[in-house]
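Student: Handing you this structure, nothing more for now.
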Amino acid sequence: MILASADGVDTLRIFGFGEGGWGLALLMGAGMTLAVSAIGLLIGAAIGSLVAWSRLSGHRLAGAAGETYAAIFRGLPELLVVYFVYFGSSTLLTGAASLVGYNGFVGVPAFVAGALAVGVISGSYQAEVFRAAYLAIARGELEAAVSVGMDRWLMFRRIIAPQVLRFALPGLGNLWQVALKDSSLISVTGLAELMRVSQVGASSTHQPFAFYLGGLVLYLVMTLATTRLFDMAEARATRGMRRIAG
């Protein structure tokens with residue numbers, strides 16, 4: 001049975017790939033959502049690693065800076081962070097450009113601002129995931145590495161980094177889902193990700209239910225597929241631990 005709107009436009013035709021269809025636009029919006037979420041997660045990993053290091057370093061000032069960062073960005077609404085990064089970064093660039101004689105406005109691309117906003121938010125949570133993963137490493141392994149003369153870089157590369165990643169994978173999988181959902185807030189910047197395309201399509205065709213239902217389905221598909229990928233990665237990373245436990 002074909003659902004139809006009051007103006008006679010077939011709902012199923014709207015999601016097609018022919019003339020007047022929004023299928024390709026929605027898929028491209030889903031791809032943009034995945035891209036901005038993935039880059040945001042990577043930015044968050046870099047930020048989270050630095051914040052975790054600062055809190056584990058034992059230095060009072062560095063620890064206080066890390067805790068302050070985490071407290072601020074965990075406590076702020078995500079939408080406010082998106083606005084702050086989007087408009088704040090443009091303001092900073094415009095001010096910097098004026099110092100070298102350029103008087104025009106310098107805007108930050110919506111994709112860059114969106115990925116940075118997702119990264120800033122995700123980094124505040126990833127910091128705790130990495131810190132907990134580091135603390136889960138057996139102290140005896142680190143002491144043994146020191147006793148055989150490993151320098152810090154070698155110990156990090158062979159012992160710390162692999163185990164931190166292994167212990168952090170479940171938490172990172174959860175934060176990936178959060179980043180995927182937070183990316184919908186970037187629609188306010190005009191970036192053509194899935195939520196923005198759904199909004200434009202709903203406004204253009206006057207069929208909001210159909211478009212938001214389509215967006216819902218695509219978000220669920222992305223969530224289930226990527227969750228499966230993280231589960232596979234976690235199973236592979238912990239297979240040695242399972243053999244030892246068995």
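Student: Pick from L213, L154, L172 the residue whose mean-square fluctuation is largest in a GNM of the chain, springs joining Cα atoms under 10 Å.
Tutor: L154
Student: Among M150, A70, L135, pick out the residue whose Cα is farthest towards the positive end of the charge dipole of segment 11-245, where Lys and Arg carry +1 and Asp and Glu carry -1 on C-beta, about the Cα centre.
Tutor: After comparing all options, I get M150.
Student: List the relative contact order of the chain as a percent without decimals, with contacts defined as Cα pairs under 8 Å and 6+ residues apart. Write down the numbers at each step before the final one.
Tutor: Numbers: 275 pairs, mean separation 60.7, N = 246.
Over the chain, the number comes to 25 percent.
Student: Something else: Report the full-extension gain for the segment A97 to V146: residue separation times 0.36 nm, less the Cα-Cα distance, to one decimal in nm.
Tutor: 12.8 nm
Student: Please determine, in degrees from 0 to 90 and to the nearest 10, the orientation of helix 110-135 with respect to the longest principal axis defined by the Cα atoms of the chain, where the helix direction is its Cα long axis.
Tutor: 30
Student: For helix 194-205, what angle does its Cα long axis make with the longest principal axis of the chain, in degrees from 0 to 90 and rounded to 10?
Tutor: So the helix axis and the longest Cα principal axis differ by about 10 degrees.
Student: Which FRET efficiency value, to the nearest 0.05, do you get for S204 and A35 by plugging their Cβ-Cβ distance into 1/(1 + (r/R0)^6) with R0 = 30 Å? List each step's numbers first, then the result.
Tutor: Working: r = 24 Å, r/R0 = 0.79.
Here the calculated transfer efficiency is 0.80.
Student: Which ordering of D182, D151 is given by a fewest-first count of other beta-carbon atoms within 10 Å?
Tutor: Working: D182 22, D151 10.
If I rank by nearby Cβ atoms, fewest first, I get D151, D182.
Student: Hey, what angle do you get for helix 78-99 against the long axis of the chain, alpha-carbon based, 0 to 90 degrees rounded to 10?
Tutor: Compared with the principal axis, the helix lies near 80 degrees.
Student: Quick check for me: using +1 on Lys/Arg Cβ and -1 on Asp/Glu Cβ, what's the dipole size of segment 174-246 about its Cα centre, in debye to the nearest 20? Mind showing how you got there, number by number?
Tutor: On the way: 7 positive and 4 negative charges, 84 e Å.
Here segment 174-246 has a charge dipole of around 400 debye.
Student: What is the magnitude of the charge dipole of segment 1-152 about its Cα centre, with +1 placed on the Cβ of each Lys and Arg, -1 on the Cβ of each Asp and Glu, and no other charges, expressed in debye to the nearest 20? Display every interim value, and only then the final one.
Tutor: Details: 7 positive and 9 negative charges, 94 e Å.
Here segment 1-152 has a charge dipole of around 460 debye.
Student: With a 10 Å Cβ neighbour count serving as the proxy for reagent exposure, in which order, fewest first, do L229, L142 appear?
Tutor: Values: L229 11, L142 16.
Least to most surrounded, the residues fall as L229, L142.
Student: If you don't mind, another one. Hey, if you put +1 on the Cβ of every Lys and Arg and -1 on every Asp and Glu Cβ in the chain, which of S98, V221, L194 ends up farthest toward the positive end of that dipole?
Tutor: Among S98, V221, L194, the one farthest towards the positive end of the dipole of the chain is V221.
Student: Just want the answer: with Cβ charges of +1 for Lys and Arg and -1 for Asp and Glu, which residue in W22, L61, V112 is farthest toward the dipole's positive end in segment 11-245?
Tutor: The Cα lying farthest towards the positive end belongs to L61.
Student: Please work out whether segment 85-171 counts as rounded, prolate or oblate from its C-alpha gyration tensor, where a ≥ b ≥ c are the square roots of the eigenvalues and a/c under 1.5 means rounded, while otherwise a/b larger than b/c means prolate and anything else oblate?
Tutor: Numbers: a/c = 4.99, a/b = 2.49, b/c = 2.00.
Here segment 85-171 falls in the prolate category.
Student: To continue, here is another question. Among W176, W153, W53, which comes first, second and so on when ranked by fewest other beta-carbon atoms within 10 Å? Present the calculation step by step, with values, prior to reporting the outcome.
Tutor: On the way: W176 21, W153 8, W53 17.
The order, fewest Cβ neighbours first, is W153, W53, W176.
Student: Right, here's the next one. What per residue convex hull volume, in Å³, do the alpha-carbon atoms of segment 66-127 yield?
Tutor: Values: hull volume 5.2 nm³, N = 62.
Per residue, the Cα convex hull of segment 66-127 comes to 85 Å³.
Student: Hey, any idea what the orientation-averaged projected area of the convex hull of segment 4-124's Cα atoms comes to, in nm²? Show your work: numbers first, answer last.
Tutor: Details: hull surface 47.8 nm².
Spelled out: convex hull of the Cα atoms, projected over all directions, averaged, 11.9 nm².
Student: Further, regarding this structure: Take F105 and L80, extend 7 Å from each Cα along the Cα→Cβ direction, and tell me the distance between the two endpoints in nm.
Tutor: Here the answer is 2.5 nm between the modelled labels.
Student: Once the convex hull of the alpha carbons of segment 11-245 is built, what does its volume come to per residue, in cubic angstrom? Please report the intermediate quantities before stating the final value.
Tutor: Details: hull volume 40.6 nm³, N = 235.
Given the Cα convex hull of segment 11-245, per-residue volume reads 173 Å³.
The numbers here are math on the coordinates, done by the rules we state, and not lab data. Remember, predicted model here, so these are calculated numbers, not experimental data. Backbone-built Cβ (ideal geometry, glycine too); neighbour counts: all protein chains shown.
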